[in-house]
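First up is the structure itself, then whatever we jot down about it.
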Amino acid sequence: MTSTKITDTTHPPSSTVHRRIVALAGGVGGAKLAHGLAQILPPEDLTVIVNTGDDFEHLGLYICPDLDTVCYTLAGLANPETGWGRVNETWNTIANIEKLGGPNWFRLGDQDFGTHIERTRRLKEGQTLTQVTKDFCAAWGIKHTVLPMTDSPVRTMVDTDEGELAFQEYFVHRQCKPRVKGFRFDGVEVAGPAIGAREALESADAIVICPSNPWVSVDPILRVIQKINKPVIAVSPIIGGKTVKGPAAKMYEELGIEPSALAVAKHYRTLLSGFVLDTVDAHLSEEINTKTLVTDTLMNNLTDRARLATDVLNFIGSM
Ligand code: GDP
């Protein structure tokens, strides 16, 4: 149990930052750290593998909320207020759908609709999600590699006190109100990693688990990729017992686990070579059964993202 407090990361030693990294990411929290890593690492040294368990079909379109959040964020196109969706968005299409009596619970902006329409067209033509994502990244000027976790359908199902709900039904339509009893990743047993994911994992120096929801953003990725034989460093999405956004803390509580950075470290315990937790949780460091880095993990702006990414890379370099 070692606790390392990095206080000055202004001039990271280049020997520690030039590591080949695979980042595992969900949506908003994952995208922010992935963006920080992308500001520091050259394109060939960063692959982001993104959860697709949240994907669903809606209004006849194939929607990938986490992939889009990561891509929009890396491209500088994300809405800075919500963290998801596009900046300078307009909402005419969804307003029109609502007026015509269609479903409006899943908010899609006009520019965002374009992404889903074109992705759906390509998938129907037989392209893989990996290929579509690669093409979209090129169009958006994203130089780092972004991969869906798999090209096979995997659907996160949430077991609740009101029965089993498809993830977006629980997350957006029901606003996470039903009490959670467990999770199931439909299709995960037969889903192999996306083309390129295995190679990226093999050639990586380390795997960074971004501060994403452990239950529904990271676990599906871990289930698909199964074996990791590289050092794994996770960043806690729980700060001071609370989530920055989303239901992770509520899920821990409802599953009978006190939400904390310690609970997150325990969640990943069999995998971890290192764990990054926030300064407000420094007191938990001694209880965490792996090497820890205590640092500021809240990413309020672009500088925070790059600073946390630098801290994480220096931490990896120090191992
Ligand atoms: P979602 O699919 O959009 O819910 O996105 P993620 O699973 O990637 O992110 C949700 C998690 O990110 C939540 O548990 C948040 O607490 C966490 N998160 C969001 N912003 C930050 C941040 O700035 N720092 C840290 N440490 N966690 C964050």
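For this structure, a couple of remarks:
- Filter pass, Ser273 being open to solvent by 10 Å² or more (accessible area, probe 1.4 Å), away from the ligand (no atom under 11 Å from the Cβ) and touching a Gly at 6+ places or on another chain (Cβ under 7 Å): no
- Filter pass, Ile49 being within 16 Å of the ligand (Cβ to nearest atom), buried (at least 23 other Cβ atoms within 10 Å of the Cβ) and aliphatic (A, V, I, L, M): yes
- Among the residues of segment 241-270, the one identified as more than 15 Å from the ligand (Cβ to nearest atom) and either hydroxyl-bearing (Ser, Thr, Tyr) or open to solvent by less than 10 Å² (accessible area, probe 1.4 Å) (or both) is Thr270.
- Test: residue in segment 71-82 that is farther than 26 Å from Asp219 by Cβ and touching a Leu at 6+ places or on another chain (Cβ under 8 Å): no
- Whether a residue is out of contact with any Pro (no Cβ under 8 Å at 6 or more places or on another chain), more than 16 Å from the ligand (Cβ to nearest atom) and free of Cβ contacts under 8 Å to residues at least 12 places away in the same chain was assessed, and Asn104 passes this test.
- Qualifying positions in segment 31-42 - more than 28 Å from Arg223 (Cβ to Cβ) and either away from the ligand (no atom under 16 Å from the Cβ) or outside any helix (DSSP H, G or I) (or both): Ile40, Pro42
- Criterion (among the β-branched types (Val, Ile, Thr) and either surrounded by fewer than 17 Cβ atoms within 10 Å (Cβ to Cβ) or within 16 Å of the ligand (Cβ to nearest atom) (or both)) met by exactly one of Ile238, Ile225: Ile238
- Pairs where the first residue, in segment 44-55, is free of Cβ contacts under 8 Å to residues at least 40 places away in the same chain and the second is more than 11 Å from the ligand (Cβ to nearest atom) and open to solvent by less than 10 Å² (accessible area, probe 1.4 Å), C-beta under 8 Å, 6+ apart: Asp45/Ile21
- Restricting segment 280-298 to residues that are surrounded by fewer than 23 Cβ atoms within 10 Å (Cβ to Cβ) and within 11 Å of the ligand (Cβ to nearest atom), the residue that is nearest to Pro211 (Cα to Cα): Leu298
- Strands (runs of 3 or more DSSP E) contained in segment 63-179 and holding at least 2 residues at pLDDT 95 or above and open to solvent by 40 Å² or more (accessible area, probe 1.4 Å): 155-160, 163-166
- Boolean, Leu24 is in contact with a Lys or Arg (Cβ under 9 Å, 6 or more places away or on another chain), open to solvent by less than 20 Å² (accessible area, probe 1.4 Å) and in contact (Cβ under 8 Å) with a residue 24 or more places away in the chain: no
- Taken together, Thr290, Thr295 contain a single residue that is in contact with a Phe, Trp or Tyr (Cβ under 9 Å, 6 or more places away or on another chain), within 18 Å of Lys32 (Cα to Cα) and touching a residue at least 12 places away in the same chain (Cβ under 8 Å), which is Thr295.
The values are calculated or read from the model by the stated rules, or taken from the named source; none is laboratory data. Quick caveat, the model's predicted, so the values are computed rather than measured. A quick note on method: Cβ atoms are made from the backbone with ideal geometry, for glycine too, and the neighbour counts reach across all protein chains shown. The accessibility values were calculated without ligands, DNA or RNA, using every heavy atom of the protein model including side chains. Shrake-Rupley method; radii C 1.70, N 1.55, O 1.52, S 1.80 Å.
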